[in-house]
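> One structure coming up, written as structure tokens, with questions to follow.
Laboratory data are not the source of any read-out in this text; all were calculated from the coordinates shown. This structure is a prediction, so every number in the text was calculated from the model and none was measured. Reconstructed Cβ throughout: ideal geometry from the backbone, glycine too, with neighbour counts over all protein chains shown.
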Amino acid sequence: MRRRSLLLAALPAGLVTLAGCGDDSSGSGSEEASPSASAPSAAPPPKIVDGPLPAITAGKEFGEKPTVAKGSGEPSKNLAVRTVIAGNGRTVAEGDFVQAHYLGQIWDSAKVFDNSYDRKTPLLIQLSQGSVIDGWRYALAGKKAGSRVETAVPPTWGYGKDGNSQAGIKGTDTLVFVIDVQETFNSKSSVKGEKVPQDDAALPTVGTNTDGKEPSVKVPKGDPPKKLVSAYVLEGDGAAVKKDQTVLVQMVGVVWKGGEKFESTYARKSLNQFALPQMEQVLKGVAQGLTGKKVGSRVLLVVPPDLGYGDTPPGGDVIKKDSTLVFSVDILAAM
């Protein structure tokens with residue numbers, strides 16, 4: 001069984017009608033520990049300086065597992081940040097979700113306490129207070145996707161005076177990270193897949209815009225299908241989503257009867273991140289319908305009552321007993 005990355009200590013709540021699905025217990029594994037934040041930090045913003053920072057002695061290309069020298073002398077009491085490789089992708093901002101490979105080690109000993117390269121699975125984490133240590137928040141803000149960033153994080157903006165006993169990190173340890181920022185996502189993100197014909201008049205049609213605005217979802221007249229429908233609207237070229245992964249999505253949901261909307265990440269300006277095993281316990285049709293679909297795709301889901309809420313709908317007036325649900329889901333990332 002893969003161990004859960006401590007970076008995933010605080011995931012967003014997810015769908016308002018899917019309370020409890022925001023946390024993840026199987027979407028990522030960790031060797032020891034990683035820069036999670038168990039609670040929001042009260043520390044003021046750090047002063048950011050250029051160094052000192054240890055040399056990267058091997059694995060110097062973007063995406064390669066780096067080897068980092070032991071820290072020399074005393075580390076800075078401030079947050080040291082250096083852009084090793086400058087990318088040209090989208091700029092990272094507070095509140096964004098970042099997909100990145102990383103390695104973390106202790107300044108004094110050069111002990112590597114965690115790295116994602118060996119797992120061959122990049123991290124997917126939101127840069128927000130309480131989700132990740134402040135050192136990451138401040139070091140990555142303003143950087144571009146495609147960048148390699150090295151940072152030395154003092155305890156104040158790391159694990160604090162308590163350290164992290166699981167990783168052998170003391171409350172006095174400065175931590176060194178090398179972070180390869182692969183991609184960043186925000187509330188205006190859309191997939192860019194190829195259009196797939198929507199020629200079944202008995203099924204809903206979904207807009208194909210890729211400008212970050214909410215796509216239209218038009219439900220036809222007539223009875224809904226009795227079985228789950230999972231169909232590409234825009235087909236991406238990413239890896240197929242596995243049933244044990246965590247996904248990051250834009251989505252809109254309407255009920256078949258009347259087409260009334262009950263969910264929209266676009267309107268909330270907040271992406272949804274959820275683990276498919278947990279989603280399976282709440283809305284089987286969503287978990288099953290996304291499994292096997294490619295990252296970078298927009299998917300139409302029609303979820304019959306037996307794979308939805310059935311005769312126990314959530315509170316509110318939109319979703320009734322035995323409602324068929326319709327979703328447009330942009331699969332932005334998976335891990």
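> What number, rounded to the nearest 500 deg cm²/dmol, is the helix-based mean residue ellipticity at 222 nm of the chain, given -39500 (n - 2.57) per DSSP H run of at least four residues and division by all its residues? Before the final figure, lay out the partial values.
Numbers: 4 runs with 25 residues, N = 335.
For the chain, the value works out to -1500 deg cm²/dmol.
> Once Lys and Arg get +1 and Asp and Glu get -1 on their Cβ, which of Val295, Ser76, Thr174 lies farthest toward the positive end of the dipole of the chain?
Val295
> Determine, from the Cβ-Cβ distance of Lys243 and Lys321 and an R0 of 41 Å, the FRET efficiency 1/(1 + (r/R0)^6), rounded to the nearest 0.05.
Once rounded, the FRET efficiency stands at 0.90.
> Based on Cβ point charges of +1 for Lys and Arg and -1 for Asp and Glu, what charge dipole magnitude is obtained for the chain about its Cα centre, in debye rounded to the nearest 20?
Using only the charged Cβ atoms, the result is roughly 220 debye.
> Still on this structure, please answer the following. List residues of the range 231-251, by number, whose backbone nitrogen lies under 19 Å from a label position 7 Å along Cα→C-beta of Glu194.
231-241
> For the range 88-93, just list the computed ³J(HN,Hα) in residue order, Karplus coefficients 6.51, -1.76 and 1.60, θ = phi - 60°, integers in Hz, with x standing in for Gly and Pro.
Each residue's phi maps through the Karplus curve to give 10, x, 5, 6, 7, 10 Hz.
> Place a +1 charge on the Cβ of each Lys and Arg in the range 31-185 and a -1 charge on the Cβ of each Asp and Glu, then give the dipole magnitude about the Cα centre in debye, rounded to the nearest 20.
My answer is approximately 220 debye.
> Let me ask another. How large is ³J(HN,Hα), in whole Hz, for each residue of the range 213-227 in order, when computed from phi with the Karplus curve 6.51 cos²θ - 1.76 cosθ + 1.60 and θ = phi - 60°, using x for Gly and Pro?
Once rounded to whole Hz, the list reads 8, 4, x, 6, 10, 10, 9, x, 6, x, 7, x, x, 7, 10.
> Scan (i) 139; (ii) 148; (iii) 129 for the value of volume of the Cα convex hull per residue in Å³ calculated from this model and give just the label.
Here volume of the Cα convex hull per residue in Å³ agrees with entry (iii).
> Further, regarding this structure: Decide, for the range 31-185, between rounded, prolate and oblate: order the square roots of the alpha carbon gyration tensor eigenvalues as a ≥ b ≥ c, take rounded if a/c falls under 1.5, and otherwise choose prolate if a/b is larger than b/c, else oblate.
Here the range 31-185 falls in the rounded category.
> Run down the aspartates and glutamates and flag those whose C-alpha is under 15 Å from the C-alpha of Lys294, throwing out any fewer than 8 positions away in its chain.
Once the sequence-local aspartates and glutamates are set aside, what remains near Lys294 is Glu194, Glu235, Asp237, Asp244, Asp330.
> Rounded to the nearest 20 debye, what is the charge dipole size of the range 194-334 about its Cα centre when +1 sits on each Lys and Arg Cβ and -1 on each Asp and Glu Cβ? Write out the running numbers ahead of the final one.
Numbers: 18 positive and 17 negative charges, 18 e Å.
My answer is approximately 80 debye.
> For the pair Ala55 and Thr172, what calculated FRET efficiency results from E = 1/(1 + (r/R0)^6), where r is the Cβ-Cβ distance and R0 = 22 Å, to the nearest 0.05? Spell out each step's value before the answer.
Numbers: r = 23 Å, r/R0 = 1.04.
Efficiency, from the Cβ-Cβ distance: 0.45.
> Hey, can you rank 196-207, 273-284 by average C-beta count inside 10 Å, highest first?
273-284, 196-207
> So which of Lys192/Lys243; Lys227/Lys320; Lys65/Lys144; Lys192/Lys257; Lys70/Lys144 end up more than 25 Å apart, counting from Cα to Cα?
With Cα atoms farther than 25 Å apart: Lys192/Lys257; Lys70/Lys144.
> A further question follows. For the range 273-335 and the range 161-204, write down the distance between their C-alpha centroids in whole Å.
For the range 273-335 versus the range 161-204, the Cα centre distance is 21 Å.
> While we're on this one: Which one, Trp136, Val241, Asn186, is farthest towards the positive end of the dipole of the chain when Lys and Arg carry +1 and Asp and Glu -1 on their Cβ?
Result: Asn186, furthest along the dipole toward the positive end.
> Check which residues have an amide H placed less than 5 Å from Val49's amide H, if you skip close sequence neighbours.
So Val49 has HN proximity to Leu79, Ala80, Val81.
> Rounded, prolate or oblate, given the Cα gyration tensor of the range 194-334, with a/c below 1.5 counting as rounded?
The shape class here is rounded.
> Mind giving me the FRET efficiency for Ile85 and Ala201? R0 is 51 Å, r the Cβ-Cβ distance, nearest 0.05 is fine. Mind showing how you got there, number by number?
On the way: r = 50 Å, r/R0 = 0.99.
The value I calculate is 0.50.
> Now for a different question. For the range 112-120, in order, what is each residue's ³J(HN,Hα) by Karplus, 6.51 cos²θ - 1.76 cosθ + 1.60 with θ = phi - 60°, in whole Hz (x at glycine and Pro)?
Result, ordered by residue: 7, 9, 6, 7, 8, 5, 5, 6, 6 Hz.
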